[in-house]
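Encoded as structure tokens, the structure appears first; notes follow it.
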Amino acid sequence: MESKELKFRDVRYCVERAVLHEQELGKSLPESNIVRSVIGAAKRKVRCSRSAAKALLFQFFPIIHWLPHYPVKEWLLGDIVSGISVGILQLPQGLAYALLAGVPPVFGLYSSFFPVFVYSFFGTSRHVSVGSFAVVSIMIGSVTESLVPNDNFILPGNETIIDTVARDKARVELVSSITLLVGLFQLILGLVQFGFVVTYLSEPLVRGYTTAATIHVTVSQLKHILGLPLSERSQPLSLIYSLISLLRRIHKTNIGTLVVSLIALVFLFAIKEVNQRFNSKLCMPIPIELVVLIISTAISYGVNLHRNYGVGIVGDIPTGLVAPTVPNAEFFASVAGNAFAIAVVGYAITMSLAKMFAMKHGYKVDSNQELIALGISNLTGSFFQCFAVTTSMSRSLVQESTGGNTQIAGSISAIIILVIILKAGELFTCLPRAILSSIVIANLKGMYKQFMDIPLLWRTSKMDLLIWFVTFLSTICLNLDIGLAVAVVFGLFTVTFRTQLPHYSILGQIAESEIYRDAEQNTLAKEIPGVKIFQSCSPIYFANAELYKKSLKMKMGVDVDKLIEKKKKAIKRRRKGLQKVINMAKIILAKTQKGSGLEFLTNKDGVIGSLRTLSESIPQGPVTLQSLGLEKLDFHSLILDFSAVTFIDTVGTKILKNIFKEFREVEVDVYIANCPSSVLRQLENSNFFSENITQASIFASIHDAVSYIVNGQNSESSSLSEITAI
């Protein structure tokens, strides 16, 4: 029965394996053994295919792998408490960050449900809390304010009234399109195993960028804190223009809105400080955002802050879920660049937090699967009019600190948001917008602490500090999208700059061992007589190849170019002398043929004497520095340590050839040690080796090269001693 279930190609494969087995044994097998071998090979092939499919399924759906082994007694209670805590925190943040994205608050609730629930099935991190986040929301908001500004919806006949219904509808369509592209970019990058793209966003770059984004977020919320109707800006220097516009209208501040904001901020900051200080004693953080939300809504409804004091409120929040719709493709071309930037920044934030928690709790996260999980979450959310999401630092810390162990906590928080969407959304109609802005600003406290990176980076790495400052200033001045592009380009430029200024050193041997260290920094390292060992801590390519050659010659302590020039001049003088001898010989020959015997005899002694004197003044034998009357170098061998050379391009190969040629001109043999196999292949592919430069110049280690040189010199010295004795 088993053999009948096999496909034809599997049977053919198994028969071939049986025949090969038969040939290896050198004898024919019984028919039953062949059949048994066929079935056994088929089982192994099917088993292998099933295990590969199972591994692929587990990789794509991590929840299938860990859920059957979920320890209910140990983890369920912690996940429930954590999910409730995060859900309570998710509500005010979702409403608040929707304002940053430029859409009505209810879409913040949608963004806190659909993507969060989907991530639970595909994510590999057990502790991050996916959902709305200030930095990503403000990046989305800058696009919505640029492409769908308020000025496009001013009602005719009244320049102060804006058709908010039409504006919000257009902005929701735009945001859905952005979210779809963000999800597509993340999904495609994950499927092509492009998770390493986040490595181009160094930690100083990300922290400098998020710090600048925090200032953008704060300034964008000041108009709600002060109750000022200001138009949005998104072009370069928009932050400066917004501050100037704010200061010009500061006298029109709505006092009622300002008072509500200040009271909310005082309570938010005070209770958050209590949560932080007594974190170990509290079973869960005090949900001050939810408390402020409920109290302010009740007061606003009871006192009628909107009608009596002109305090802006959230307005109608529809209950129930929205029907899925396809995002408008007309916006794709105009938002593709911004969507890619949002996709990369969102992924970078998620991975930085996921790695932090994974290291703390001893498990691994798959960078490519995280891209896929975020991509599917955002793709799903785009059909339900959500804005792009990523991981929130504050909610993730709450989820981890309150006992969350898996993404079941995330699913529970999503269910809480679902209940609010279905039943309780309309209760927050009278919620003052200033409260949401206050919640946003209060949650940025941790982000502002990133300014403390400046003294730390000053002590540890000036280059990282420069990256931080350039990222911060470019993001402040050029806005979020252009600022990120400038920061990435500058970060890559610093990598090139560092390879152009690497550390060059001359190595010495430590106590006749096989250990070689920088002779200038290590007093135990002594240079080997007659041997120079040069080390460079960078690849050799077009940007630093000439500098490598120049630094090598400087470290040798001799002007090789000048010595080669002197040698060429000496050889030229020698050739001139030989030419004079030849010319004199020609004169003698001419006189012998044309002159009389008497005349030749008269001049014979003088001519021959002059010829002998001239020939004796010209050095005889091989052309060497010593024979040319030039000073010989104090070393005869040069070893290039390639242990830190990760790659070499065609320009570097040409420079390396010139180094071999020039040092051999001054009677120095050049060798390469510790050459990685990849670099050796690059040298071979670049036709580096020839009759003059062979692979005999390559050694596995510095000590091998030194032993070869020293033994070679000793054998030459012994041979010379034997010849002298004879």
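For segment 351-490, a simple Cβ point-charge model (Lys and Arg +1, Asp and Glu -1, everything else neutral) yields a dipole of about 320 debye relative to the Cα centre. Using θ = phi - 60° in the Karplus curve 6.51 cos²θ - 1.76 cosθ + 1.60, the 3J(HN,Hα) couplings for segment 206-213 round to 5, 6, x, 5, 5, 5, 5, 5 Hz; x is entered for Gly and Pro. If I model segment 160-284 as equal point scatterers sitting on the Cα atoms and use the Debye formula, what is log10 I(q)/I(0) at q = 0.09 Å⁻¹? For segment 160-284, the Cα-only Debye profile gives -0.49. Report in % the part of the accessible area of segment 66-195 that belongs to carbon and sulfur, leaving out ligands and nucleic acids; probe 1.4 Å. With neighbouring chains kept in place, the figure for segment 66-195 is 68 percent. Distant-in-sequence amide contacts of VAL311, defined by a placed amide H-H separation under 5 Å and a gap of 5 or more residues or a different chain, comprise HIS306. In segment 422-545, taking the dipole from charged Cβ atoms about the Cα centre, the farthest positive-side position among SER437, ILE454, GLY491 is held by SER437. Taking 7 Å steps out from each Cα toward its Cβ at TYR363 and ASN583 produces label points 9.2 nm apart.
Taking amide H as placed 1.01 Å from N in the peptide plane, the amide H of PHE699 sits under 5 Å from that of ILE672, ALA673, ASN674, CYS675, each at least 5 places away or on another chain.
Any idea what the dipole of segment 242-387 comes to, in debye rounded to 20, about its Cα centre with Lys/Arg Cβ at +1 and Asp/Glu Cβ at -1?
Working: 10 positive and 6 negative charges, 114 e Å.
In total the dipole reaches around 540 debye.
Using the Cα gyration tensor of segment 355-399, with a ≥ b ≥ c the square roots of its eigenvalues, what is the shape: rounded (a/c below 1.5), prolate (a/b larger than b/c) or oblate (neither)? Mind showing how you got there, number by number?
Numbers: a/c = 4.07, a/b = 1.64, b/c = 2.48.
Note, shape of segment 355-399 comes out oblate.
For PHE384, the accessible surface of its heavy atoms amounts to roughly 40 Å² (probe 1.4 Å, protein chains only, rounded to the nearest 10).
The simple spin-label model puts a point 7 Å past each Cα toward its Cβ; for ALA298 and ILE154 those points are separated by 4.3 nm.
Amide H contacts for ILE639 (H built 1.01 Å from N in the peptide plane; partners 5 or more residues away or on another chain; cut-off under 5 Å): LYS532, ILE533, PHE534, TYR671. Label-to-label distance, LEU422 versus TYR200, with points set 7 angstrom from Cα along the beta-carbon direction: 4.4 nm.
Please state the shape class of segment 225-314: rounded when a/c is under 1.5, otherwise prolate if a/b exceeds b/c and oblate if not, all from the C-alpha gyration tensor. Oblate, because a/c is 1.5 or more while a/b does not exceed b/c.
Hey, can you find the accessible area per residue of segment 237-367 for me, probe 1.4 Å, expressed in square angstrom?
Per residue, segment 237-367 has 58 Å² of solvent-accessible surface.
With a 1.4 Å probe rolled over the protein heavy atoms of all chains, the accessible area of PHE340, PHE534 falls in the order PHE340, PHE534, largest first.
Working with all protein chains in place, sort ARG573, ARG395 by solvent-accessible area computed with a 1.4 Å probe, largest first.
ARG573, ARG395
If only the Cβ of Lys and Arg carry +1 and only the Cβ of Asp and Glu carry -1, the dipole of segment 416-472 around its Cα centre is close to 120 debye. Subtracting the Cα-Cα distance of ILE510 and ARG664 from 0.36 nm times their residue separation leaves 52.7 nm of extension gain.
What number comes out for accessible area per residue over segment 437-490 if the probe is 1.4 Å? Units Å², please. Could the numbers behind the result be given before it?
Values: 2380 Å² over 54 residues.
Computed with neighbouring chains in place, this is 44 Å² per residue.
In sequence order, segment 427-441 has phi-based couplings of 5, 9, 4, 8, 5, x, 4, 4, 5, 4, 5, 5, 5, 4, 5 Hz under the Karplus curve 6.51 cos²θ - 1.76 cosθ + 1.60, θ = phi - 60°, and Gly or Pro positions carry x. Of the whole protein surface, MET351 contributes about 10 Å² of accessible area at a 1.4 Å probe radius.
Quick one: length gained pulling ILE244 to ASP518 fully straight, 0.36 nm per residue minus the C-alpha distance?
On the way: separation 274, 0.36 × 274 = 98.64 nm, distance 5.66 nm.
Working it through step by step, the gained length comes to 93.0 nm.
Rolling a 1.4 Å probe over the heavy atoms of the protein chains gives segment 78-233 an accessible area of 31 Å² per residue.
Residue pairs exceeding 18 angstrom between C-alpha atoms, taken from LYS553/LYS632; LYS562/LYS661; LYS572/LYS654: LYS572/LYS654.
Each residue of segment 141-155 is assigned a 3J(HN,Hα), and the resulting list reads x, 5, 6, 5, 5, 7, 8, 10, x, 4, 4, 7, 10, 6, 5 Hz, derived from the Karplus form 6.51 cos²θ - 1.76 cosθ + 1.60 (θ = phi - 60°), x at Gly and Pro.
The values are calculated or read from the model by the stated rules, or taken from the named source; none is laboratory data. On a predicted model such as this, the values are computed, not experimentally measured, just so you know. Counting neighbours? That spans all protein chains shown, and the Cβs are built from the backbone with ideal geometry, glycine included. Note: accessible area is taken over every heavy atom of the protein model, side chains too, but ligands, DNA and RNA are not part of it. Shrake-Rupley method; radii C 1.70, N 1.55, O 1.52, S 1.80 Å.
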